[in-house]
Amino acid sequence: MIRIAILGATGSIGHSTLDVIARNAEQYEVFAVSGYQRLTELLEICKKFQPKLAAVPEKEAIKFQKQLLAAGCKTQVVAGKEGLQILASTPEVDLVVAAIVGAAGLLPTLAAVKAGKRILLANKEALVMSGALFMDAVKTHQAVLLPIDSEHNAIFQCLPADFAKRSFAEQGIEKLLLTASGGPFRGWSKEALQAVTPAQAVAHPNWSMGQKISVDSATLMNKGLELIEACWLFNVQPQQIEVVVHPQSIIHSMVSYRDGSVLAQLGNPDMRTPIAHALAWPKRIPAGVNPLNLIASAALTFEQPDEAAFPCLKLARQAFEAGGTAPALLNAANEVAVAAFLEDRIRFTEIPQVISQVLDLSSIHAANDLEFLLSEDQRANQLAVSIIQKLH
Ligand code: NDP
Ligand code: MG
């Protein structure tokens with residue numbers, strides 16, 4: 001039995017993970033789960049999976065423990081940020097699914113890294129914020145990092161099994177082709193994007209996801225964050241990554257080799273595939289995903305991203321190139337701007353404006369100290385809030 005902790009069990013990735021586990025219940029046990037606001041949902045999860053631990057915010061802990069008892073669950077509640085760290089590092093857990101959204105996922109994911117766990121990484125923001133520190137900790141603590149972001153999982157599947165042991169040049173790898181759906185506003189002009197509503201932005205054409213990543217997909221910041229994520233995971237530079245818009249989301253990314261071979265991973269757009277892949281790796285288990293019907297898919301098309309209408313991709317590339325704290329500032333500003341857009345406080349097209357102002361008004365420092373990085377995250381947060389206040 002492999003015992004699993006799911007950080008962010010109540011979210012979209014959390015649900016897909018629980019679904020795959022339920023289909024393979026003879027091999028996997030849900031040992032611990034966390035929720036934040038959707039605690040009615042978390043209670044249902046506890047009733048169904050009977051985990052040993054559940055992490056909830058401090059102020060909800062006593063009430064939630066009572067609800068669990070009333071429902072006949074023996075699950076023990078752990079509270080607040082500390083509770084999340086306990087979940088991620090408790091010795092009984094073999095595997096941690098890092099599926100909390102945003103910067104809030106950084107400390108619990110790092111706790112799992114420091115405990116040397118096998119980690120299924122969905123939370124890209126943690127890696128974007130603290131790339132060098134994070135990857136150093138993975139090495140030091142011999143954690144096993146498996147990407148479940150679909151693009152990175154696809155690249156992982158298309159690389160040689162021992163890709164990390166030698167340079168890409170030695171392995172004849174020329175570049176990574178990171179595919180992007182283009183989001184709901186692909187082909188829209190800058191002018192048309194001014195009037196976009198939150199409801200339109202979260203309605204992704206191919207994927208069903210949480211609100212924040214749905215907006216990130218619409219602005220192309222998701223691809224920007226993924227570019228940075230790929231640089232850290234696969235130890236490459238942005239010039240070795242080409243972003244290709246592929247609206248059907250059937251090819252999830254590719255690796256291009258020196259001899260002209262391009263290896264791709266294909267499948268229906270369903271996160272249960274990368275989750276099942278990483279859960280069982282190097283074995284394969286059923287994921288509940290429909291087989292790919294290529295005849296029905298008919299056409300697979302490709303185009304260049306429109307970086308003028310969607311400046312977030314370029315902002316992310318520039319932040320990675322600037323290095324140090326720049327990606328953490330980009331991430332913090334984006335989180336604040338996306339939240340403001342979802343609350344109808346700024347326009348869609350103001351999201352990149354807020355981010356670039358935060359970067360312009362900040363000095364970039366080395367990012368080799370976690371405390372400092374977290375304080376810079378908070379500072380950029382405050383700066384973004386004040387920029388938004390001035391905008392309106
Ligand atoms: P959701 O918004 O659906 O879920 C987010 C999860 O994080 C929920 O369990 C939520 O709890 C929890 N959470 C939110 N804020 C906090 C906080 N401050 N402290 C603790 N827990 C918190 O997001 P997704 O599942 O879509 O995405 C999760 C992560 O995975 C993101 O980083 C995203 O970029 C990445 N990802 C997602 C993909 C997808 O297809 N959805 C694909 C690839 C990557 P609650 O719901 O109870 O409030
Ligand atoms: Mg992705």
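The values are calculated or read from the model by the stated rules, or taken from the named source; none is laboratory data. Everything numeric here is computed off the predicted structure, so don't read it as measured data. Backbone-built Cβ (ideal geometry, glycine too); neighbour counts: all protein chains shown. These area figures cover heavy atoms from the full protein model, side chains too; ligands, DNA and RNA do not enter into them. Shrake-Rupley method; radii C 1.70, N 1.55, O 1.52, S 1.80 Å.
Quick one: go through region 21-45 and flag any residue whose amide nitrogen is under 17 Å from the point 7 Å out along the Cα-to-Cβ line of residue 71.
Only 22, 30-45 pass the distance filter.
Please give, to one decimal in nm, the separation of the simple spin-label points placed at residue 169 and residue 304, each 7 Å out from Cα toward the Cβ.
2.8 nm
Using only Cα atoms, locate the centre of region 177-197 and the centre of region 32-98, then give the distance between them in Å, rounded to an integer.
Taking the Cα centre of region 32-98 as reference, the centre of region 177-197 is 38 Å away.
At a 1.4 Å probe, what is the % contribution of carbon and sulfur to the accessible area of the chain?
On the way: 8920 of 17070 Å².
Ligands and nucleic acids excluded, carbon and sulfur give 52 percent.
May I ask you to give the average projected area over all directions of the convex hull of the Cα atoms of region 323-391, in nm² rounded to one decimal?
Working: hull surface 16.5 nm².
Here the figure is 4.1 nm², rounded to one decimal.
What does the charge add up to near residue 150, with Lys and Arg as +1, Asp and Glu as -1, over the other residues with Cβ less than 11 Å from its Cβ?
Numbers: positive: 272; negative: 149, 151, 226, 270.
Once positives and negatives cancel, what remains is -3.
Once Rh for region 2-147 is found with the Kirkwood sum over Cα pairs, what is the Stokes-Einstein diffusion coefficient at 10 °C and 1.306 mPa s, in µm²/s?
Working: Rh = 14.9 Å.
D, rounded to a whole number, is 107 µm²/s.
222 nm [θ] for the chain, helices only, -39500 (n - 2.57) per DSSP H run of 4+, per residue, to 500?
On the way: 17 runs with 183 residues, N = 392.
Helix-only estimate at 222 nm: -14000 deg cm²/dmol.
Assuming 0.36 nm per residue, please report the length gained on full extension of the stretch residue 27 to residue 190 beyond their Cα-Cα distance. Display every interim value, and only then the final one.
Numbers: separation 163, 0.36 × 163 = 58.68 nm, distance 4.99 nm.
Separation in residues times 0.36 nm, less the Cα-Cα distance, equals 53.7 nm.
Compute the relative contact order of the chain as a whole-number percentage, counting only Cα pairs closer than 8 Å that sit 6 or more residues apart in sequence.
On the way: 715 pairs, mean separation 59.8, N = 392.
About 15 percent, as a whole number.
Within straight cross-link reach of residue 117, meaning Cα distance under 17 Å, which aspartates and glutamates are found once same-chain residues fewer than 8 apart are removed?
29, 92, 94, 136
So how much slack lies between residue 391 and residue 284, counting 0.36 nm per residue of separation and subtracting their Cα-Cα distance, in nm?
Working it through step by step, the gained length comes to 33.4 nm.
Using +1 on the beta carbon of Lys and Arg, -1 on that of Asp and Glu, and nothing else charged, what's the dipole of the chain about the Cα centre, debye to 20? Mind dumping the intermediate values first?
Working: 33 positive and 37 negative charges, 187 e Å.
Roughly 900 debye for the chain.
Limiting things to C-alpha atoms, what are the Rg and the maximum Cα-Cα separation (Dmax) for region 152-272, in angstroms?
Just the Cα atoms of region 152-272 yield Rg and Dmax of 15.6, 49 Å.
Starting from the Cα of residue 94, step 7 Å toward the Cβ, then list every residue of region 6-20 with an amide N under 20 Å from that point.
Residues 6-7, 17-20 qualify, since their backbone N sits under 20 Å from the label point.
Taking a label point 7 Å from the Cα of residue 132 along the Cα→Cβ vector, which residues of region 322-366 have an amide N closer than 12 Å to it?
Under 12 Å, as judged by backbone N against the label point of residue 132, lie 322-327, 365-366 of region 322-366.
Using θ = phi - 60° and the Karplus form 6.51 cos²θ - 1.76 cosθ + 1.60, what ³J(HN,Hα) does each residue of region 141-156 get, whole Hz, x for Gly and Pro?
9, 6, 6, 10, 9, 10, x, 10, 4, 4, 5, 6, 5, 4, 4, 4
Based on DSSP, what percent of beta bridges with both residues in region 128-281 are antiparallel, to the nearest 5?
Details: 8 of 13 bridges.
So the antiparallel bridges amount to about 60 percent of the total.
Stick to Cα atoms and the Kirkwood definition of Rh, then tell me Rg/Rh for the chain.
Values: Rg = 20.4 Å, Rh = 21.4 Å.
Radius of gyration relative to Kirkwood radius: 0.95.
Compute the separation of the alpha-carbon centres of region 271-302 and region 359-392 and state it in Å as a whole number.
39 Å
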